[in-house]
Amino acid sequence: MEFNIIKLNKVNFFYGQVRALTDISMKFEKNKVTALIGPSGCGKSTLLRLLNRMNDLIDGTRVEGEIIFENKNIYAPDVDPVEIRRKIGMVFQKPNPFPKTIYNNISYGPKLTGIGFEDRDALVERSLKQAVLWDEVKDILNKSAMNLSGGQQQRLCIARALAMKPDVLLMDEPTSALDPISTAKIEELIDELKKDYTIIIVTHNMQQAARISDETAFFYLGNMIEYNKTDKIFTNPDVKQTEDYITGRFG
Amino acid sequence: MTRQAKEIIIKYIFFVFSLVSVVVLGLIVFSLFREGLPVFGKVSLKDFIFGMEWYPTYDPPSFGIFPLIVGSFIVTLIAILIAVPLGVLTAIYISEIAPQNIKAILKSVIELLAGLPSVVLGFFGMVIVAPWLQETFDLPTGLNIINASVILAIMAIPTISSISEDALYAVPQEFKEASYALGATKYETIARVILPAALSGISTAVMLGMARAIGETMVVLMVAGGAAAIPESLFDSVRPMPASIAAEMGETPFRSLHYQALFAIGIVLFCLTLTFNLIADYVSHKFRQVGSGTL
């Protein structure tokens with residue numbers, strides 16, 4: 001059964017006077033991994049941050065069009081961005097654990113929503129297990145997260161996002177600051193997570209997009225050039241520009 | 001001249017200049033101790049620090065500075081109790097909440113406050129705050145602990161606010177984004193992520209604010225009232241250490257016992273501010289976070 005979890009209708013986005021995204025209309029399928037690719041400055045990260053209203057934090061930005069999530073435009077005036085961010089989690093490019101203990105990093109989000117204290121230990125364990133970090137940190141839960149390696153920190157950030165039990169997980173180049181082994185672990189993890197979550201990932205790494213995603217969208221200069229099954233995009237793209245980018249002729 | 005020789009010469013010029021300031025400071029400390037220490041030949045250290053009576057011009061004189069120490073501490077403590085919430089909350093407002101234009105105005109107002117000469121603030125305390133206190137609370141004098149504390153707090157706010165602000169700015173943007181992305185509101189983010197991450201910097205600000213307040217002379221000279229006795233209420237007058245030195249130094253014969261006692265008070269003050277600075281330094285290193293959270 002196919003089901004669209006997020007739908008974009010003619011979305012335009014402006015930083016001040018500068019238009020960063022032009023007339024983007026697309027649908028994200030539930031329990032799939034969708035990769036957003038394209039050269040730097042093409043708007044793919046901007047699009048990702050639009051999906052959980054993180055761009056609200058930047059002054060002087062403006063959105064046109066609608067983004068439908070759970071039958072509601074998340075940019076409707078009566079929508080609380082805080083609610084959206086609790087359902088649509090995010091993992092950033094640079095691992096950014098809080099300078100707190102590992103345990104408190106995971107329980108940070110659930111504490112905000114007021115999940116009972118007795119549930120919390122179980123939730124921390126479950127989230128860390130989901131992020132395949134439990135075995136490495138189960139004895140040091142009360143140590144600072146800053147002592148972990150970069151790859152561990154990034155999995156911690158994924159676990160932290162999962163602790164909110166989101167519907168969608170946005171990932172903004174989650175492996176670009178990591179070594180190949182950590183990258184491989186995160187990619188395995190993404191494959192595992194798509195059973196339960198919808199994942200939208202921005203990546204600069206073409207092989208990574210080909211390896212882990214079901215759908216791929218190619219962006220260029222704020223326009224969506226092509227959006228299709230990943231196999232199709234990487235073997236037989238419809239648009240010449242896509243082919244040029246994928247084969248490394250520009251980018 | 002070769003390029004290398006020039007580099008070497010420049011290096012030594014800078015070295016000499018930095019040496020000059022260090023040496024001058026060292027000599028000041030040296031003379032402070034040279035002038036002050038002899039008093040302990042006549043008065044024991046215990047009697048000096050814990051003596052309850054400061055009657056330097058009586059016959060025989062009595063040099064107990066405990067009331068002065070109490071005066072300094074109580075005025076500083078209350079000033080800090082007033083200045084810390086105001087300074088820190090101002091810093092939070094400026095760095096995290098205020099829109100750009102209000103931020104600019106507030107920052108320059110605080111800088112202006114820092115630039116006010118202490119004698120002007122003291123004058124304000126004398127002619128405006130003191131009569132008001134006296135009338136409102138029906139006191140014998142408005143020159144008292146509360147008055148001095150309020151004026152000192154006004155002086156300490158810019159120090160506390162601007163150093164706290166720097167600490168808040170140094171909290172990496174990534175922490176804030178992580179918090180927002182987990183569905184935290186702005187206030188939850190400030191209280192649970194930004195403030196804890198900036199805590200060492202804010203503690204430093206508080207310690208430096210205290211050092212500033214305890215060493216401040218003109219304000220306490222003008223508005224603390226000058227009574228060298230242990231105060232019984234917040235409306236009593238006190239004689240903090242710097243006020244005593246400033247008020248009496250002009251009257252004492254050179255190298256008399258009184259003169260040496262005033263220098264010894266200077267030594268006590270020096271040790272106190274040094275302690276505050278060392279604590280500030282220690283706190284900012286001890287609680288410094290490692291990793292990308294380094295301040």
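Values in this text are rule-based calculations from the coordinates and carry no lab data. No experiment lies behind these values; they were computed from the predicted model shown. Cβ atoms come from the backbone with ideal geometry, glycine included; neighbour counts cover every protein chain shown.
Per-structure values
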item: Paired Rg and Dmax values of region B:108-230, which use every Cα atom, in angstrom; result: 19.1, 59
item: Gaussian network model of chain A, Cα within-10 Å springs - most flexible of A:I225, A:I67, A:I58; result: A:I58
item: Distance (nanometres) between label positions extended 7 Å along Cα→Cβ at A:K72 and B:V16; result: 7.4
item: Pairwise Cα inverse-distance average, inverted: Kirkwood Rh of region A:58-173 (Å); result: 15.3
item: Hydrodynamic radius of the protein assembly as shown per Kirkwood, over alpha carbon pairs, in Å; result: 28.1
item: A:V18 paired with B:M249, simple spin-label distance in nm, labels 7 Å along Cα-to-beta-carbon; result: 5.7
item: Per-pair calculated FRET efficiency, R0 = 22 Å: A:K129 and A:E83 via Cβ, rounded to 0.05; result: 0.25
item: P(r) weight above 33 Å for region B:45-293, C-alpha pairs, percent; result: 30
item: Relative exposure of A:R160, A:R86, judged by other C-beta atoms within 10 Å (fewest first); result: A:R86, A:R160
item: Peptide A:89-100, shielding by other chains (average Cβ, 10 Å cutoff); result: 6
item: Percent RCO, i.e. relative contact order, over chain B, from Cα pairs under 8 Å lying at least 6 residues apart; result: 25
item: Average beta carbon contacts from partner chains per residue of A:154-162, 10 Å cutoff; result: 1
item: Whole-number D in µm² s⁻¹ for region A:13-72, Kirkwood Cα-pair radius fed into Stokes-Einstein, 20 °C, 1.002 mPa s; result: 168
item: Rg to Rh, two decimals, where chain A supplies the alpha carbon set and Rh follows Kirkwood; result: 0.97
item: A:A122 paired with A:I140, simple spin-label distance in nm, labels 7 Å along Cα-to-beta-carbon; result: 2.8
item: Nonlocal amide H pairs with A:I6, under 5 Å, H built at 1.01 Å; result: A:F28
